[in-house]
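The values are calculated or read from the model by the stated rules, or taken from the named source; none is laboratory data. As the structure is a computational prediction, the values presented were derived from the model and not from experiment. All Cβ positions, even for glycine, are placed from backbone atoms using ideal geometry, and neighbour counts span all protein chains on display.
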Amino acid sequence: MTISKNSIRYKLYKSFAIVLAMVLLLFIANYLAVRREHNAKAASAQAMTLKEATGKIRFQMMQNHCLDYLFQHIQYRGSVDAMKYILFP
């Protein structure tokens, strides 16, 4: 049994194939969007971790700088009283 291009059966098959193709395309588009969203979430988490680590390093550098400043004045004054002078002028 052959299917004529003008028959209802042919038109139904053709429409069904088009609908299936559209569903497949939408599935692929949705999959790619979800994968991109997961990658963005992972990159955001990594950036936040890096930001926190950078903040801790900057804080440590600031503390080291303050201690170096303090010790330089202690060595210059030559006594522990210099620390009191620096901390409580």
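Quick notes
- Look at the range 42-64: where a residue is loosely packed, with under 10 Cβ neighbours inside 10 Å, no partner that is outside any helix (DSSP H, G or I) and at pLDDT below 95 sits 6+ places away or on another chain with Cβ atoms under 6 Å.
- Residues satisfying the criterion are present in the range 74-89 (criterion: in contact with a Leu (Cβ under 9 Å, 6 or more places away or on another chain), surrounded by fewer than 10 Cβ atoms within 10 Å (Cβ to Cβ) and modelled with pLDDT under 90).
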